[in-house]
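The structure appears right after this line, and notes come after that.
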Amino acid sequence: MLDLIVLGAAAGGGFPQWNSNAPACNRARAGDPTAPARTQASIAVSGDGEQWYILNASPDLRAQINQTPALHPKAGLRSTPIAGVVLTSGEIDTITGLLTLREKQAFNLYGATPVLAQLDANPIFEALDRTLVPRHTMVLDHALPLKPAGFSITPFAVPGKVPLYAEQGANPAEVKTDGETIGLEISDGTHRALFIPGCAMMTDALLARMNGADVVFFDGTLWTDDEMLRAGLGAKTGKRMGHMSVADEPDGTMAAFRPLKIGRKILIHINNSNPILLSDSAERKAVEQAGWDVAFDGMRVTL
């Protein structure tokens, strides 16, 4: 069995973003049922219903844990069913929540070499006592059994870029496949789920890996590449930020997935500018007609 709970479905900044006066964010802020609020992207996974692993520690992690009964303490004065945290990148919205977990609680922390190097370079993360929270380097394309949780995770390279705060050199937005951004394949030996919250471009290797999966959580950051520019919300395209676009265009996500056989396709890490967050939008209708689900906080998938 694989049990997956969406702790947060939005991209960095959440929905509504705290400083956004855009119409969609105002609808969410006002409690519009067609624009439900979402926290920043993370999921929890278990194979036994007892031990849970969190994939990406978002800045909203404390609230997400409190809103998820499966992650509440169950024994003694201080305890947690959270056995570990697995990171897919070193972005602010994937690592900041680690600081929420600094209260001398034992768990394991996993990341690829570039991501753990970012943590090592910043002394604030030493607030996580390494004697209680050991850091484990994941090897790409090697399965990591997570016992007794009852499943394994295999990290694999995904086209991506370095975090914004680490950009430097002549080509700071260079797309890399060295583990700076990774996806996670989750398997209990029978079922297979993939978590890919950030992806700069599609590759044949990635298509082959996803094909046949029971469920894929995939990068849904922007609807179109120039979305934020046209809305006056930013100066960067999706490609500059290291994200594919969802829209049914030649290099978009919907077109890339069309030939694949996947049990369930779920968009996650959705920016507050993306109209698929609005259940009454034409864009939401388009993705649903194409067989996609749009993730929401508390969404649960059991395989």
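Of all the criteria given as (1) at pLDDT 95 or above; (2) surrounded by fewer than 23 Cβ atoms within 10 Å (Cβ to Cβ), the one not satisfied by V6 is (2).
Only residues that are open to solvent by less than 40 Å² (accessible area, probe 1.4 Å) and part of a helix (DSSP H, G or I) were counted across the stretch 116-167, and they come to 4. In the set (1) in a loop (DSSP other than H, G, I, E, B); (2) surrounded by fewer than 18 Cβ atoms within 10 Å (Cβ to Cβ); (3) polar (S, T, N, Q); (4) without any contact (Cβ under 8 Å) to a residue 60 or more places away in the chain, the condition left unmet by N26 is number (1).
Quick check on D178: is it surrounded by fewer than 17 Cβ atoms within 10 Å (Cβ to Cβ), in contact (Cβ under 8 Å) with a residue 40 or more places away in the chain, of a type in the set (D, E) and outside any helix (DSSP H, G or I)?
On the way: surrounded by fewer than 17 Cβ atoms within 10 Å (Cβ to Cβ): yes; in contact (Cβ under 8 Å) with a residue 40 or more places away in the chain: yes; of a type in the set (D, E): yes; outside any helix (DSSP H, G or I): yes.
Taking the combined requirement at face value, the residue satisfies it.
Checked against the criteria, T88 counts as open to solvent by less than 40 Å² (accessible area, probe 1.4 Å) and assigned to a loop (DSSP other than H, G, I, E, B). I'd like to know if the stretch 54-74 contains one or more residues that are buried (at least 18 other Cβ atoms within 10 Å of the Cβ), in contact (Cβ under 8 Å) with a residue 60 or more places away in the chain and of a type in the set (D, E). No: the stretch 54-74 contains no residue that is buried (at least 18 other Cβ atoms within 10 Å of the Cβ), in contact (Cβ under 8 Å) with a residue 60 or more places away in the chain and of a type in the set (D, E).
Answer yes or no: is there a residue in the stretch 248-267 that is modelled with pLDDT under 95, under 21 Å from L55 (Cβ atoms) and open to solvent by less than 20 Å² (accessible area, probe 1.4 Å). Among the residues of the stretch 248-267, not one is modelled with pLDDT under 95, under 21 Å from L55 (Cβ atoms) and open to solvent by less than 20 Å² (accessible area, probe 1.4 Å), which makes the answer no. Only residues that are outside any loop (DSSP other than H, G, I, E, B), at pLDDT below 75 and surrounded by 20 or more Cβ atoms within 10 Å (Cβ to Cβ) were counted in the stretch 208-247, giving 3. Considering the stretch 181-203, the residues that are polar (S, T, N, Q) and open to solvent by less than 50 Å² (accessible area, probe 1.4 Å) include one that is modelled with the highest pLDDT, namely S187.
Kindly check whether there is at least one residue in the stretch 64-81 that is hydrophobic (A, V, I, L, M, F, W, C), in a loop (DSSP other than H, G, I, E, B), within 23 Å of I186 (Cα to Cα) and at pLDDT 95 or above. Break it down into steps so the answer makes sense when it comes.
The first filter runs over the stretch 64-81 and keeps only residues hydrophobic (A, V, I, L, M, F, W, C), leaving 65, 70-71, 75, 77.
Cutting the leftovers down to in a loop (DSSP other than H, G, I, E, B) gives us 75, 77.
Filter again for within 23 Å of I186 (Cα to Cα), leaving none.
The answer is no, given that none of the residues of the stretch 64-81 is hydrophobic (A, V, I, L, M, F, W, C), in a loop (DSSP other than H, G, I, E, B), within 23 Å of I186 (Cα to Cα) and at pLDDT 95 or above.
When residues of the stretch 279-303 are filtered for being under 16 Å from A37 (Cα atoms), touching a residue at least 24 places away in the same chain (Cβ under 8 Å) and either under 15 Å from the mean Cα position of the chain (by Cα) or surrounded by 15 or more Cβ atoms within 10 Å (Cβ to Cβ) (or both), how many remain? Matching residues across the stretch 279-303 total 7. Looking across the stretch 9-23, the residues that are open to solvent by less than 30 Å² (accessible area, probe 1.4 Å) and more than 18 Å from the chain's Cα centre (by Cα) come down to S20, A22. The one condition from (1) touching a strand residue (DSSP E or B) at 6+ places or on another chain (Cβ under 9 Å); (2) surrounded by fewer than 18 Cβ atoms within 10 Å (Cβ to Cβ); (3) without any contact (Cβ under 8 Å) to a residue 60 or more places away in the chain; (4) under 28 Å from G179 (Cβ atoms) that T113 does not meet is (3). It is to be established whether one or more residues within the stretch 90-104 are under 28 Å from D297 (Cβ atoms), of a type in the set (D, E) and within 18 Å of the chain's Cα centre (by Cα). Within the stretch 90-104, one or more residues are under 28 Å from D297 (Cβ atoms), of a type in the set (D, E) and within 18 Å of the chain's Cα centre (by Cα).
The values are calculated or read from the model by the stated rules, or taken from the named source; none is laboratory data. Small disclaimer: the values here were computed from a predicted structure and weren't measured. Cβ atoms come from the backbone with ideal geometry, glycine included; neighbour counts cover every protein chain shown. Just the protein is used for accessible areas: all its heavy atoms, side chains included, with ligands, DNA and RNA removed. Shrake-Rupley method; radii C 1.70, N 1.55, O 1.52, S 1.80 Å.
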